[in-house]
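Down below is the structure, laid out as structure tokens.
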Amino acid sequence: MKKINNKQPHQDTVCIHAGKQKDGHHGALTSPLYQTSTFVFDNAAQGAARFAGEEPGYIYTRLGNPTVRELELKMAALEKMEDAAATATGMAAVSGAVLSFLEAGDHIIACKAVYGCTYALLSHQLPKWGIEVTFVDMDNEEELEQALRSNTKMVFAETPINPNLKVLDLELIGDFCEKHDLISVVDNTFMSPMLQTPVDYGIDIVIHSATKYLNGHGDVVAGVIVSSKERIETIKLTILKDVGGTISPHDAWLILRGLKTLPIRVERHCKSALTIAEYLESHPMVAEVYYPGLKSHQGYKFIGSQMKAAGGVIGFELMATLEEGQAFIDAMQLFSIAVSLGDAESLIQHPASMTHSPYTQEERLAAGISDGLIRISIGLESTDDLIADLQQAFDRIVALRSDSVSTAGNWG
């Protein structure tokens, strides 16, 4: 995207204008959806030239598509990096970023708590292919150094971490990887490029579950990998091409639509989440709230520097039994019981039994994921209504306890 009066456009403008390709769309304001599986060549020589890489142009949608390309260019601009690869799912982005640069005999360092399926890939699948993984507290430089081996090739991190919202120091991770010539990969899903751009701290590869904030409407499953042109070319020509985790043009088109309102949505998510987090922190039935926007949270020191705001996801420890916790979730009327985030609708889930079930109980506890942890994604509804919904769910627990006492008295 071109500069305006020799100035880089703001992220809000980039969300709308970056990546657009003016190539005869008949004057359409909105970029068209190229819902095609393949592309026609003018002649056999042109087809051969494109397959040989001697002539630019599209061949087959698994290898490239104009709608997908617009999304990729827009995401590269938003993350302030050279290029991007759109993928079929967030996990296709994770696996594409990792498997494209590792082989049998390599070693990767990862943060202790990550999304459940990411953990399963790293801990259950990679060892089958001869790739070793060490999980560490990544805010501890000494622990990073101790995990380092002669065959270490990559460092993988999420920040804030899913689901306990712990914030990692990207500068520390970037410096460590530069010092030891390692590839750094950061999952930026919880923040989106509106709130955090890891490249500012030397991070090599940024990934997103585009299912979440980037799309924002709960109707797409997709991912994005952002990096240098050289690395993206490697990813596209190896894992994405041969394993086939590429995005459909229709999903790319829906994400392009969602990105136009990303700045406004993220601002609302953040503002509402802070209000809800403050309410939860003051509630007598909540033991602890995990939200970087609160001064009590370890990540608060990063607000205004590494992170522009704290995002729209909150974790909290409910002072309740497992049965009471289930009743709390089941009592929700506005919060939908679902395992995503970043949608217009507010969502609630239980990480230990849902998103992070691939962990054993011992692994979960070591990662700071307790049985009592609840994760909520704050949507775009009125905060007054969301607080009222949470309060009636708390009242449900009180009623259960009252019934229990009453029943015990009758038996006595």
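The values are calculated or read from the model by the stated rules, or taken from the named source; none is laboratory data. All of these numbers come straight from a predicted model, not from anything done at the bench. Cβ coordinates were reconstructed from backbone atoms using ideal geometry, including for glycine residues, and neighbour counts include every protein chain displayed. Heads up: the accessible areas ignore ligands, DNA and RNA and are worked out on the full protein's heavy atoms, side chains in. Shrake-Rupley method; radii C 1.70, N 1.55, O 1.52, S 1.80 Å.
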Starting from the residue with the highest accessible area, list His217, His356 in decreasing order, probe 1.4 Å. His217, His356
Proportion of all alpha-carbon pairs of region 146-187 beyond 15 Å (%): 42 percent
Approximate shape of region 72-147 as ellipsoid semi-axes (Cα gyration tensor, √5λ), whole Å, largest first: 24, 17, 12
Return the subset of Lys22/Lys241; Lys212/Lys271; Lys20/Lys80 for which the Cα-Cα distance in this structure is over 23 Å, preserving the input order. Lys22/Lys241
Per the 1.4 Å probe, what fraction of the accessible area of region 262-387, in percent, lies on carbon and sulfur atoms? 53 percent
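Please sort 46-57, 7-18, 177-188 by packing, taking for each peptide the average over its residues of neighbouring beta carbons within 10 angstrom, highest first.
Values: 46-57: 12.2, 7-18: 15.7, 177-188: 19.6.
Top of the packing list down: 177-188, 7-18, 46-57.
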Surface accessible to a 1.4 Å probe, Leu334 within the full protein complex, Å²: 70 Å²
Once all protein chains are kept in place, Tyr201 shows an accessible area at probe 1.4 Å, nearest 10 Å², of 50 Å²
Where does the charge balance sit around Ala92 when Lys and Arg score +1, Asp and Glu -1, over other residues with C-beta under 15 Å from its C-beta? 0
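Leaving out ligands, DNA and RNA, what percent of the accessible area of region 164-257 is carbon and sulfur, probe 1.4 Å? The partial results should precede the final answer.
Numbers: 1570 of 3180 Å².
Ligands and nucleic acids excluded, carbon and sulfur give 49 percent.
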Theoretical gain in end-to-end length, Leu237 to Asn140 [0.36 nm per residue, Cα-Cα removed]: 31.3 nm
Would you list the membrane-span-like helices of the chain, meaning whole DSSP H runs whose alpha-carbon atoms span at least 20 Å along their axis and whose mean Kyte-Doolittle value is at least -1.0? 262-281, 383-411
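Remind me, relative contact order of the chain in percent, using alpha carbon pairs under 8 angstrom and six or more residues apart? Please list the in-between numbers first.
On the way: 763 pairs, mean separation 68.0, N = 412.
Averaging sequence separation for qualifying contacts and normalising by length gives 16 percent for the chain.
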Mean shadow area of region 304-363 over all directions, Cα convex hull, nm²: 6.0 nm²
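With a 1.4 Å probe and all protein chains kept in place, how do Tyr300, Tyr291, Tyr58 rank by accessible area, largest first? Each step should come with its number before you reach the end.
Numbers: Tyr300 85, Tyr291 5, Tyr58 65 Å².
Per-residue accessible area, sorted high to low, gives Tyr300, Tyr58, Tyr291.
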Accessible area in square angstrom per residue, the chain, 1.4 angstrom probe: 45 Å²
Can you give the Rg and Dmax of the chain based on its C-alpha atoms, in angstrom? 22.8, 91
Per DSSP H run of at least 4 residues, take -39500 (n - 2.57); add these up for the chain, divide by its residues and hand me the 222 nm value, nearest 500 deg cm²/dmol. -10500 deg cm²/dmol
Just tell me which aspartates and glutamates come within less than 18 Å, Cα to Cα, of Lys308; anything on the same chain fewer than 8 places away is out. Asp12, Glu79, Glu158, Asp169, Glu171, Asp187, Asp200, Glu267
Name the residues whose placed amide hydrogens come within less than 5 Å of the amide hydrogen of Ser336, ignoring near sequence neighbours (fewer than 5 apart) on the same chain. Ser346, Leu347, Ile348
Rounded to the nearest Å, the spacing of the alpha-carbon centers of region 97-174 and region 316-381 is 24 Å
For the chain, what is the percent of antiparallel DSSP beta bridges, rounded to the nearest 5? 55 percent
P(r) over all Cα-Cα pairs of region 17-125, 10 Å bins from 0 to the longest distance, whole percent per bin, short to long, reads 11, 31, 31, 19, 8, 0
Pseudo-spin-label distance Gln46 to Asp403, built 7 Å along Cα→Cβ, given in nm, is 7.0 nm
Sequence of Thr275, Thr383 from largest to smallest accessible area, 1.4 Å probe: Thr275, Thr383
At Thr38 and Asp12, where each label point lies 7 Å from the Cα along Cα→Cβ, what is the point-to-point distance in nanometres? 4.7 nm
Please compute the Kirkwood hydrodynamic radius of region 173-260 from all pairs of different C-alpha atoms, in Å with one decimal. 14.1 Å
